[in-house]
Amino acid sequence: MTHEIAVIPGDGIGQEVTPAAVEVLEALDIDFDFVEGDAGDAVKEATGDALPEETRELAADADATLFGAAGETAADVILPLRSIVGSFANVRPARAYPGVDAVKPETDIVFIRENTEGVYTGIESEITEGVTTLTRVVTEDASREIAEYGFDYARQNDFEDVTIAHKANVMRQTDGLFLETAEAVAAERDAEYDTALMDALAMHLIMNPDDYGVVICPNLAGDMLSDLAAGLVGGLGLLPSANVGPDNALFEPVHGSAPDIAGEGVANPSAMILSAAMLLDHFGYDEEGDRVRTAVEDVLENGPTTPDLGGDASTEDVTAAVIDHL
Ligand code: GGG
């Protein structure tokens, strides 16, 4: 069976790490048909539209999408793409790997980030000069969907600790609904859990990351806390993610376009290749997904590594080493 994969490198280092992931997938004995689409800052400059209609259609029609990185046009590119594939959950695992100089080597946390609402609705306006507003939307349906996904994910992947992140003492209605709904889901499953105010949680994650397993978060909190956790394990070059919906999915590294190193050929492709491993899991190629993860782990431990991890290897060197290990 052929799987059609939309490949959208996007901006900056997305142009460098996305081909690396495709190369790794091509090295496996699986029938993938890769079709590339354009999106991002340069496309907007050239055409006036950061996400052209043909790219939208490509993602909608494909069996899954590999996305690289969004830059200044993130709100016009990655948010619509996540919606086009119907994703409601953004799964962001933050793991420390042997051989990588991690601040907290005991970290093994999966952020289950609500992917459709919160403050990422794009409902913003300038009501008068110098006064702007943003509408934060939280619904019972979306809160239920993400909480069910999070508790099921924890059970299926043997995580004992589940934490519901919120700020319901301040955002009483919106995060109040998120928290109340997630706690109801836990009660239905007779599942153990903790709740945590997201500001305090940021501190506790740094001090005691081993107290946490699965963290179920509203949208913005999931975006921020997963980046914080990247800092605990060696940087953003190591965090993959899956945007999961009922019928389709999009896989992307947690990092953005990294304009400071874009074009130099030294971006760490690990996060993107690990995102491709999550794509393999999604299609049921568990053994191949594990092989890719093991290959990345071997390379992280034994080199070569890119400058973000203290090495001097290029993106291509690391990709070739991963394929060699496969
Ligand atoms: N590949 C992830 C990416 O491009 N991140 C840039 C960004 O601004 N993302 C916002 C988000 O993840 O919601």
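Only the coordinates and a few stated rules stand behind these numbers; no lab work does. Keep in mind it's a predicted model, so treat the numbers as computed, not measured. Every residue, glycine among them, receives a Cβ derived from its backbone with ideal geometry; neighbour counts consider all protein chains shown.
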Here FRET efficiency (C-beta to C-beta, Asp286 to Gln173, R₀ 41 Å, nearest 0.05) is 0.50
Using 7 Å Cα-to-Cβ label points, what is the Glu26/Ala42 separation (nm, one decimal)?
1.8 nm
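Stretched out fully, how many nm does the piece from Glu53 to Asp312 gain, at 0.36 nm a residue minus the Cα gap?
Here the segment from Glu53 to Asp312 would lengthen by 89.3 nm.
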What residues qualify as long-range amide H neighbours of Phe251, i.e. H under 5 Å apart, gap of 5 or more or another chain, H built at 1.01 Å from N?
Thr65, Leu66, Phe67, Asn243
Among Ile5, Leu25, Ala42 the positive-end extreme of the charge dipole of segment 1-45 (Cβ point charges):
Ala42
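What do you get for Rg/Rh over segment 114-176 if you use C-alpha atoms and the Kirkwood form of Rh?
Reported Rg/Rh (Cα atoms, Kirkwood Rh): 1.12.
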Segment 41-71 and segment 203-219 have their Cα centres apart by a whole-number Å value of 33 Å
Extreme residue, positive dipole direction of the chain, given options Asn115, Leu326, Val85 (C-beta unit charges):
Asn115
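Near Leu232, within a Cβ-to-Cβ distance under 14 Å, what is the net charge of the other residues, with Lys and Arg +1 and Asp and Glu -1? Show your work: numbers first, answer last.
Details: positive: Arg92, Arg95, Lys104; negative: Asp101, Glu106, Asp108, Asp210, Asp211, Asp227.
Local net charge: -3.
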Tail beyond 13 Å, pair distance distribution of segment 240-307 (Cα, percent)
67 percent
In the chain, with Lys and Arg counted as +1 and Asp and Glu as -1 at Cβ, which of these residues, Gly213, Asn157, Ser314, has the Cα nearest the positive end of the dipole, that is, farthest along it?
Gly213
Kindly provide the pair-distance distribution of segment 105-261 built from C-alpha pairs, with 10 Å bins from 0 and whole-percent values in order of increasing distance.
10, 38, 36, 13, 2, 0
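Normalised by the empirical 2.2 N^0.38 Å for globular proteins, what value does the Cα Rg of the chain take? Intermediate values should be presented prior to the final figure.
Details: Rg = 19.2 Å, N = 326, 2.2 N^0.38 = 19.8 Å.
My calculation over the Cα atoms of the chain gives 0.97.
Counting other beta carbons within 10 Å of each residue's own, what order do Phe251, Phe88 fall into, fewest first? Spell out each step's value before the answer.
On the way: Phe251 27, Phe88 20.
Ranked by crowding around the Cβ, least crowded first: Phe88, Phe251.
Given charges of +1 on the Cβ of Lys and Arg and -1 on the Cβ of Asp and Glu, with all other atoms neutral, how large is the dipole of segment 136-193 about its Cα centre, in debye to the nearest 20?
Details: 6 positive and 14 negative charges, 77 e Å.
Dipole size: approximately 360 debye.
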Looking at the square roots a ≥ b ≥ c of the eigenvalues of the Cα gyration tensor of segment 156-228, which shape do they give, rounded for a/c under 1.5, prolate if a/b is larger than b/c, or oblate?
oblate
Could you rank the peptides 160-171, 127-138, 110-121, 25-36 by their average count of other C-beta atoms within 10 Å per residue, with the highest value first?
110-121, 160-171, 25-36, 127-138
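Do me a favour and compute the ellipsoid semi-axes for segment 1-156 from its Cα gyration tensor, root of five times each eigenvalue, largest one first, whole Å.
Working: eigenvalues 148, 122, 63 Å².
Equivalent ellipsoid of segment 1-156: 27, 25, 18 Å, largest first.
Can you tell me the order of 242-249, 59-66 when each peptide is scored by its average per-residue count of other Cβ atoms within 10 angstrom, highest first? Mind dumping the intermediate values first?
Details: 242-249: 18.5, 59-66: 20.8.
Averaged packing, sorted descending, gives the order 59-66, 242-249.
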Restricting the calculation to Cα positions, tell me the Rg (one decimal) and the Dmax (whole number) of segment 2-72 in Å.
12.3, 40
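Magnitude of the Cβ-charge dipole of the chain, K/R +1 and D/E -1, about the Cα centre, nearest 20 debye? Don't jump to the answer; show the numbers that get you there.
Numbers: 15 positive and 65 negative charges, 181 e Å.
The calculation lands at about 860 debye.
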How big is the antiparallel share of DSSP beta bridges in the chain, given as a percent to the nearest 5?
45 percent
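Among Leu280, Leu250, Leu177, rank each residue by its count of other Cβ atoms within 10 Å, from fewest to most, as a rough exposure measure. Intermediate results must be reported in sequence, preceding the final value.
On the way: Leu280 23, Leu250 29, Leu177 18.
Final ranking by Cβ density, sparse to dense: Leu177, Leu280, Leu250.
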Would you mind calculating the gained length between Ile127 and Phe34 on full extension (0.36 nm times residue separation, minus the Cα-Cα distance), in nm to one decimal?
29.0 nm
Can you give the three extents of the C-alpha atoms in segment 47-123 along their principal axes, from longest to shortest, in whole Å?
44, 27, 26
Fully extended, how many nm does the chain gain between Asp61 and Asn302 (0.36 nm per residue separation, minus their Cα-Cα distance)?
82.8 nm
Show me, for segment 128-136, the HN-Hα J-couplings you get by feeding each phi into the Karplus relation (A = 6.51, B = -1.76, C = 1.60, θ = phi - 60°), rounded to Hz, glycine and proline as x.
7, 4, x, 10, 10, 9, 9, 9, 9
So how far apart, in nm, are the two label points at Arg144 and Glu180 if each is 7 Å from Cα heading toward Cβ?
1.4 nm
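With n ≥ 4 as the cut-off for DSSP H runs, can you work out [θ] at 222 nm for the chain, using -39500 (n - 2.57) per run divided by the number of residues, rounded to the nearest 500? Display every interim value, and only then the final one.
On the way: 11 runs with 139 residues, N = 326.
It lands at -13500 deg cm²/dmol.
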Within 12 Å, Cβ to Cβ, of Glu287, how many net charges do the neighbouring residues add up to if Lys/Arg are +1 and Asp/Glu are -1?
-3
